[in-house]
Each structure stands twice: as C-alpha cells, then as structure tokens.
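This report concerns only the one structure given below.
Values in this text are rule-based calculations from the coordinates and carry no lab data. Bear in mind the structure is a predicted one, so any value in this text is a computation, not a measurement. For neighbour counting, all protein chains shown are included, and Cβ atoms are generated from backbone atoms with ideal geometry for every residue, glycine included.
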Amino acid sequence: MATEADDDDSLWFALFVNAVLVIVRVTVGVLSGSLTLLSAAADNFVDMLKVLVGLIASKVGRKQPTAQKTYGYGRATLLGALINSILAIALAGSLFYEAYSRITHPTYVHGRTVVIGAIIGIILNGVVALRLSKESHDLNKRILFVDMLFDSLASLGVLVSGILVLVTRKTEVDGIIAAALALFLLYNAWKVLRETTHILLDGVPPNINIERVRRDITVLKYVKSMNDLHIWGLSSTRAALSCRIVFNYKQMDKMHDHIGVIKLLLNDKHNITHATIEPELAGTHNDKGIGIEVRCQELK
C-alpha cells in the first residue's frame with residue numbers, strides 16, 4: 001500500500017529536476033548571452049515554486065482541524081499560489097523590458113550553446129512530464145504535468161532561437177522569442193491569480209458546475225426542490241456545499257438514508273467532500289416547518 005510520503009515522490013522529483021534546470025539554464029544563458037534561455041529559466045523557477053506549494057499543500061492538508069481552524073489549513077496553499085502568481089507577473093514584466101532592450105540593442109549570442117541548453121531542457125522537462133502523467137488522478141499533479149508539457153514546448157522555442165541565431169547571425173531573434181516566452185509566463189501567472197482569487201472570495205471552484213449539481217439532486221424522485229445552494233472551495237482540491245432540500249414525502253423515516261445517498265453522490269460525482277444539508281418535508285408549514293439541520297461529515 002502506498003504511503004503519503006510515496007505520493008510525494010513525484011513532486012520531490014519534479015522539484016529536483018526544476019532546480020537543476022534553473023541552475024543549468026541560468027549558467028548557460030549567462031555564458032551564451034541568451035535572454036531566451038534566461039526566460040526559460042524563469043519559467044522553471046516559477047514551476048519550482050508551484051511544486052513547493054504542492055508539497056506544502058500535501059503536508060499542511062494532513063493537519064487536523066482545530067477549534068479555531070474548523071475547516072483545517074487548506075487555504076494556506078491558495079495564499080502560496082497567490083504570492084507565486086504575483087511574483088511571476090513581476091518577473092514577466094522584467095523579462096519584457098529586457099527583451100525590448102535586446103531587440104533594440106542586439107548583443108552577442110552564442111547560438112551553439114543555446115542549442116545545447118535547449119536540448120537539455122527538452123529531455124529533463126519531458127522526463128518529469130512523463131512521470132507525472134502516470135498520476136493524473138491527482139489534481140495538483142495533473143496541473144503540474146500540463147505545465148511541464150508546455151515547458152517542453154518552450155524548450156523547443158529556445159532550440160529554434162539557437163538555430164536561427166546560428167543560421168542568420170541575427171541576435172534580435174533571441175529577444176523576440178524571449179518576449180514570447182515572457183508572454184507565456186504572464187498568461188499562466190494571470191490564470192493562476194484569477195482562479196486563486198476566485199476561490200479565496202468563496203467562488204464556486206472552476207472544476208464544479210453548480211447547475212449540474214442542482215440537476216443531479218433535483219432529478220431524484222424523492223426530492224421536491226432544492227434551495228439556498230452554496231458551493232465554495234476549502235482548498236485547491238476540496239470543496240464544501242450547503243443547501244436546503246424539500247423531500248417529496250411526509251414521513252421522516254427515510255430522510256436520513258436519502259441524505260446519505262445525496263452525500264455519496266456529491267462526493268463521487270462532483271468531488272464535494274463536506275456538505276451541510278437542511279432537510280424539510282413537503283407540505284409541512286409551506287415546506288419550512290421542520291427546521292432540522294443534518295451535517296454530512298467530511299469523507300476521508
């Protein structure tokens with residue numbers, strides 16, 4: 001049976017490879033004078049921060065809720081992602097400025113060294129992406145897999161830059177491709193910033209369709225209606241729900257069994273692990289006379 005530490009092995013591997021790539025690309029970028037390689041190194045540095053956040057999420061997420069932190073510590077990882085995205089946006093801005101300077105005032109770039117650095121990046125990014133692809137059931141690892149896949153494509157851009165410099169002797173190409181990589185970095189950072197802020201403001205998690213949740217519950221034959229539906233994120237991977245459900249009968253003997261079915265449906269189909277449901281019986285004081293609150297315990 002895999003342990004929690006085993007589950008983190010791929011993240012530690014990704015962290016190590018990204019750290020190596022940052023060191024290699026910064027070193028080769030400085031030696032060759034290539035801003036494209038330095039831009040790729042910046043992208044790997046941001047990925048390294050994402051992996052660190054993933055490792056922290058894995059550790060912090062295991063801490064039990066307390067009397068003061070009743071939902072646990074899941075949102076600490078969102079704060080980390082928020083900080084990372086802001087730093088990435090600032091870094092992209094700096095790269096844009098430097099790319100503009102390189103385009104308007106070209107400097108010498110050693111094309112052959114750039115090609116070697118690009119090939120190293122393609123190989124290492126590809127190895128990490130391949131390993132993470134085998135654990136696509138985990139949301140954080142699936143996101144990181146996509147990042148590493150795009151990093152491999154960015155390495156292809158670096159390779160093209162090195163080849164064009166070798167063939168054309170026009171070093172402005174390095175600045176142009178560096179600007180393109182900075183734009184890619186800015187896009188990814190903005191996407192993370194937008195999604196993280198949305199969850200921190202108690203928005204519905206992007207992987208959950210609230211209308212589909214409502215439909216899947218209201219089509220049940222014993223449910224008359226569903227009101228006051230709220231869904232929000234507890235962390236980057238966990239969601240909570242609260243609602244009021246009017247049941248289509250006047251006896252309470254089946255109510256708890258049906259609430260259990262709804263709870264399992266929410267967990268299995270929509271990945272909502274914590275639910276608070278207020279049940280009411282049809283035809284009793286305009287469906288508002290019961291006032292019973294049933295808390296569906298979080299599924300482990």
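Per-structure values
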{"quantity": "Neighbour-count ranking [beta-carbon atoms within 10 angstrom, fewest first] of Val127, Val213, Val26", "calculated": "Val127, Val26, Val213"}
{"quantity": "Label selected from (i) 6, 21, 26, 23, 16, 7, 1; (ii) 6, 27, 38, 24, 4, 0, 0; (iii) 6, 23, 24, 18, 13, 9, 5, 2, 0, the criterion being P(r) over Cα pairs in 10 Å bins from 0, in percent as computed here", "calculated": "(iii)"}
{"quantity": "The chain: calculated mean residue ellipticity at 222 nm from DSSP helix runs of at least 4, using -39500 (n - 2.57)", "calculated": "-22000 deg cm²/dmol"}
{"quantity": "The range 148-230, Rg to Rh (Cα coordinates; Rh as Kirkwood inverse mean 1/r)", "calculated": "1.37"}
{"quantity": "Exposure proxy ranking, count of Cβ atoms within 10 Å, fewest first, for Thr218, Thr77", "calculated": "Thr218, Thr77"}
{"quantity": "Calculated FRET value between Ala67 and Thr27, using beta carbons and R₀ = 51 Å, to 0.05", "calculated": "0.50"}
{"quantity": "Of Lys50/Lys263; Lys191/Lys269; Lys170/Lys191; Lys69/Lys254; Lys63/Lys263; Lys191/Lys224, those spanning more than 27 Å from alpha-carbon to alpha-carbon", "calculated": "Lys50/Lys263; Lys170/Lys191; Lys69/Lys254; Lys191/Lys224"}
{"quantity": "Estimated FRET transfer efficiency (Arg194, Ile56; beta-carbon r; R0 25 Å; 0.05)", "calculated": "0.70"}
{"quantity": "Full-stretch length increase - Asn248, Thr218 - with 0.36 nm per residue and alpha-carbon distance subtracted", "calculated": "9.7 nm"}
{"quantity": "Gain upon complete extension [Trp12, His105; 0.36 nm per residue less C-alpha separation]", "calculated": "29.4 nm"}
{"quantity": "Exposed chymotrypsin sites (Phe, Trp or Tyr not before Pro) absent: longest stretch of the chain, with sites in DSSP loops and at most 15 other Cβ within 10 Å deemed exposed", "calculated": "109-221"}
